[in-house]
Amino acid sequence: MTIEEVKGLIRPNILALHPYSTARDEWQGGEGDSIDVWLDANESPYDSGINRYPDPHHSSLRQKLSKIKGVAAESIFIGNGSDEAIDIIFRVFARVGVDNAVSIAPTYGMYKVAAAINDIEMREVQLLDDYSLPVDSLLAACDENTKIMWICSPNNPTGNSFQRADIERLLKEFKGVVVIDEAYIEFASHRGFALDIATYPNLVVLQTLSKAWGMAGLRFGLALSSSEVISIMNRVKYPYNINVLTQARVSEELDRDISAQVAEILEQRERLINALRLCDSVERVYQSDANFVLVKVSDASRLYDVLIAHGAVVRNRSSVKGCEGTLRITVGTPAECDRVIEVVKNFR
Ligand SMILES: *Cc1c(COP(=O)(O)O)cnc(C)c1O
């Protein structure tokens, strides 16, 4: 698709939107200005570190993220968690009660919830038995009102990544926006699609600081796409969606090197997989490109309870179609992995 075709997918009311103009939008200082009296936003003048509104454009954070991600600052949207980006993508592209979206299943539950909140029909297409991407069925599920396709890779809860060639086929053949949720990309064995936003104007990549970066408590999600799509998303978000404290702390944390922690998680993931495969009650441990493993066991609900009795909570995915009899176990510290391995080993 061309960028003009992608713009043609945007809801007319959003294209016509005059976004809220903040005080800081209306005064854009110049180099020579030396302003130290701020009386334009009805803020309290008493300095507490939080008495001023935050930067609505997240300018310095987007610069920093631009260097880390290797994409232009204009191609980065920052949301209050990925959840905000998911909701805004629906609101930008899908006309309420008219348009629909397609997603894989099983996958992350938020796409379906956000669709329901926005009154958008969600068409779910079951993954193939080996959890690979059902490309033909996904394309067949679309009609002229299908605006968005949701692909999570590495996928939650299955843990696998999809073949690059399969995703590229969707990007080329689907006449709508393909969202690839890469919440777990730092744990994957491939580079993902962030750098492909220059090639595919209909691609939006979601990433987050909640997993490998260890900032789930701050709520900070990213969408990467063409500058045209990102500027539309920025018009729809709440002006001050990322607060002052979060912006400051994220900026600090982004200077950290997370590679050692990620390497340790990967090491523990392999250890967990290998140990679980030796347990009698374990029928299958799925390959993982994420910081969790999906495990098929003889009696998932009973093992779940036994783990709880030993003070460890995992996610029971048994009621999810395609994940019958499974638990999803997050990779923790070496000691936490030991606790889980010990309980599963002794489970009869
Ligand atoms: C954890 C997760 C996220 C992160 O959501 P945030 O709102 O950024 O914390 C996004 N997508 C998937 C698939 C996830 O599993």
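Direction-averaged projected area, Cα convex hull, the stretch 4-66: 7.3 nm², rounded to one decimal.
Each residue of the chain gets 157 Å³ once the volume of the Cα convex hull is shared out per residue.
With a sphere of radius 15 Å drawn around the Cβ of Val37, what net charge do the other residues whose Cβ falls strictly inside it have (Lys, Arg +1; Asp, Glu -1)? Around Val37, the surrounding residues sum to -3. Quick one: plug the Kirkwood hydrodynamic radius of the stretch 101-259 (C-alpha pairs) into Stokes-Einstein at 4 °C, 1.567 mPa s, and report D in µm²/s. The diffusion coefficient I find is 77 µm²/s. Atom-type composition of the exposed protein surface of the chain places 51 percent of the accessible area on carbon and sulfur (1.4 angstrom probe).
Normalised by the number of residues in the chain, the average gap of Cα pairs under 8 Å and 6 or more apart makes the relative contact order 18 percent. The heavy atoms of Phe292 offer some 10 square angstrom of accessible surface to a 1.4 angstrom probe. In loop segments of the stretch 258-348 as defined by DSSP, the GluC sites (Glu not before Pro) with at most 11 further C-beta atoms inside 10 Å of their C-beta are Glu324. Subtracting the Cα-Cα distance of Asp305 and Glu253 from 0.36 nm times their residue separation leaves 15.1 nm of extension gain. May I ask you to derive the FRET efficiency for Arg191 and Asp280 from their Cβ-Cβ distance with R0 = 41 Å, giving the value to the nearest 0.05? Result of the calculation: an efficiency of 0.60. Note on Lys64: lysines with a C-alpha under 30 Å away, same-chain residues under 8 apart excluded, are Lys7, Lys211, Lys237. Placing unit charges on the Cβ atoms only, positive for Lys and Arg and negative for Asp and Glu, gives the stretch 175-276 a dipole magnitude near 380 debye about its Cα centre. Projecting the Cα positions of Val295, Leu195, Ile185 onto the charge dipole of the stretch 182-296 (unit charges on Cβ atoms of Lys, Arg, Asp and Glu, taken about the Cα centre) puts Val295 furthest along the positive direction. Taking all protein chains together, His310, His190, His58, His18 sort by accessible area into His18, His310, His190, His58, largest first [probe 1.4 Å]. Note on Gln163 and Asn42: the model spin-label points, each 7 Å out from Cα along the C-beta direction, lie 5.9 nm apart. Straight-line reach from Lys296: which lysines have Cα under 17 Å away, leaving out those fewer than 8 places along the same chain? In chain and number order, the partners are Lys321, Lys345.
The values are calculated or read from the model by the stated rules, or taken from the named source; none is laboratory data. Computed from a predicted structure; not experimentally measured. Using ideal geometry, Cβ is built from the backbone for each residue, glycine included, and neighbour counts are taken over all protein chains shown. Heavy atoms of the whole protein, side chains included, go into the accessibility calculation; ligands, DNA and RNA do not. Shrake-Rupley method; radii C 1.70, N 1.55, O 1.52, S 1.80 Å.
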